[in-house]
Each structure stands twice: as structure tokens, then as C-alpha cells.
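**Q** First, the structure itself, so that you have it in front of you.
The values are calculated or read from the model by the stated rules, or taken from the named source; none is laboratory data. None of these values were measured; they are calculated from a predicted model. Because the Cβ atoms are built from the backbone with ideal geometry, glycine has one as well, and the counts that use them run over all protein chains shown. The protein model used for the area step is the full one, side chains on, heavy atoms only, and it has no ligands, DNA or RNA in it. Shrake-Rupley method; radii C 1.70, N 1.55, O 1.52, S 1.80 Å.
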Amino acid sequence: MDIGKAFSFVFDDDQWITKILIAAAILALGILFSWVLLIPLILAGLLLGGYGVEITRRVINGGIPVLPEWDNWSDLLVDGVKVWVIGIVYALPIIIVSACLSIPISIAGENSQEVSSAFSAILSCLSVLWGIVMSLLLPAAIAHFVAEDDLGSAFHFVDVFNLVKNNFSTYLIVLIMSWVASLIGGLGLIVCGVGWLVTYPYATFVTSHLYGQGYLEATGRSAQLAVEEELA
């Protein structure tokens, strides 16, 4: 994997400033009008998610390593919704466990604070553990959906699990570097919060590139693309 490329490809685009500013504007408008049942903010998130899918798609297909244009808004929204659905499905186990444990936690809270705290601690531990598992599986699931151009491919759980298991080091790198990108995204909050409007989209673009690279590495297609580039 070319980790440096994931962090630098954004700046290879001659119009990278304009494209990031468009992403920042989308986020700003989403936040500004979020009082409308949070719908504008949700739409902003879906658009950025769909844009990230397009970046992953270009990496997997060996496309030109530049940022996509901000066009085909409906396609971006659809892809964003698909990523959102994938995330929800993979989060279902912990959602169900949380719902089941909320009842004994509530009952115990009325009788014994210690028992309630114990259940809460168990739930917190399970949430952290599943969060780590999701962080490993989601990059593979999303990239599999992108590569196959089929939402159902993301839910071929055995295939996704085996892809991660057989290429654990690759997806561990994707996980760690995605966390690094998230830290960079959070740095924008230091600048009166405004800088986040720029650093968050940048982190999203980096993560999407990592998803594509991870999938190519895991499936052996990175070597195939390298040979094709040499022959070309």
C-alpha cells in the first residue's frame, strides 16, 4: 500500500482547493440549517459519503488519481445512502445488544446502583470491541460493494470476514491510518471550529482512498494494475 499517496493525492488535483471548499460549503450549509429536523446535515453527510465512494471506486478501477468533480449529485446521494445502510447493518449486533441490556440496566438501577454500573460497564466494553471489529470490516464491505457495483455484496458477510481475516495486516494498516486521518480531521476544531469544515472532508477523502488501496492489496489487484501500467 502507498500510504503517502492516500494523504497526498488530494493535492495532485489542480482544482483541489475549489473541490475541498465545495465540500466545506456543503458541510457549513448542513450545519447552518440543521435545525430543520437535521435533514440538511444528514444530506451533507450523505453527499460527502457518496463522494468518498467515488474516490474508492476510482482507486479500485485504476482511474485517474484526482478528486472527482462535484457533479451527478443524485448519484452521490444514492451512494451515500448505500454506505449509510451498510454502516447500520454492521452496527446491528451492538444495537440489538444495547437494546437488550438497557432493560436489565434500567431495572437494576432502581434496586442496585452497583449492578446497574456493572451492566453499563459490560455494555461499554462490548461497544468498544464491536467498534474495533466494525472498523476492520467496514472498509472491506464498502470496497466490496464498490468493486462489484452491488449493494448486496457488502452483506456477503463470510466473504468480507475472510477478506479481512486473510489480509489482517492490510486492514490493520487501513484502520490505523484511518484513525490518523480522523485525528487530522479533528485538528480543524482548534481553529475556532471553522477549520474542521476543511479538515473533515480531507480526512474523508484520505480514508476513502485507503479503502480502495486496502481492497486492491487484499485481492491482489494492486499488483495486476501495476503490471498493466508498466505495459501501457
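**Q** Sorted by accessible area (1.4 Å probe), largest first, how do H209, H156 line up? Spell out each step's value before the answer.
**A** Values: H209 15, H156 85 Å².
Correct descending sequence by accessible area is H156, H209.
**Q** By how many degrees, 0 to 90 and rounded to 10, does the Cα axis of helix 157-166 deviate from the longest principal axis of the chain?
**A** 70
**Q** Next question, about the same structure. Before anything else, pin down the relative contact order of the chain: Cα pairs under 8 Å, at least 6 apart, normalised by residue count, whole percent.
**A** Result for the chain is 26 percent.
**Q** Starting from the Cα gyration tensor of the chain, take the square roots of the eigenvalues, sort them a ≥ b ≥ c, and report rounded, prolate or oblate (rounded when a/c is under 1.5, otherwise prolate if a/b is larger than b/c, else oblate). Mind dumping the intermediate values first?
**A** Values: a/c = 2.04, a/b = 1.37, b/c = 1.48.
Because a/c hits 1.5 or more and a/b fails to exceed b/c, the chain counts as oblate.
**Q** If you roll a 1.4 Å probe over the heavy atoms of the protein chains, what accessible area per residue do you get for the chain, in Å²?
**A** Working: 12370 Å² over 232 residues.
Heavy-atom SASA per residue in the chain reads 53 Å².
**Q** Please give the charge dipole size of the chain, origin at the Cα centre, charges +1 on K and R Cβ atoms and -1 on D and E Cβ atoms. Round to the nearest 20 debye.
**A** Working: 7 positive and 19 negative charges, 110 e Å.
In debye, rounded to 20, the chain gives about 520.
**Q** For the chain, take the longest principal axis of its alpha carbons; what is the angle in degrees between that and the long axis of helix 16-32, to the nearest 10 within 0 to 90?
**A** So the helix axis and the longest Cα principal axis differ by about 30 degrees.
**Q** Using a 10 angstrom cutoff on alpha carbons, build the Gaussian network for the chain and name the most mobile of T56, T204, T219.
**A** Of the options given, T219 has the highest mean-square fluctuation.
**Q** Against the longest alpha carbon principal axis of the chain, how many degrees, from 0 to 90 and to the nearest 10, is the axis of helix 196-219 turned?
**A** That helix lies at roughly 80 degrees to the long axis.
**Q** Here is a follow-up. Between S98 and D150, what FRET efficiency comes out of the Förster formula 1/(1 + (r/R0)^6) with R0 = 41 Å and r the beta carbon distance, rounded to 0.05?
**A** 0.85
**Q** Considering all projection directions equally, how large on average is the shadow of the alpha-carbon convex hull of the stretch 116-222, in square nanometres?
**A** Working: hull surface 35.5 nm².
That works out to 8.9 nm².
**Q** For the stretch 35-84, what % of the accessible area comes from carbon and sulfur atoms, probe 1.4 Å?
**A** Carbon with sulfur: 71 percent of the solvent-accessible area.
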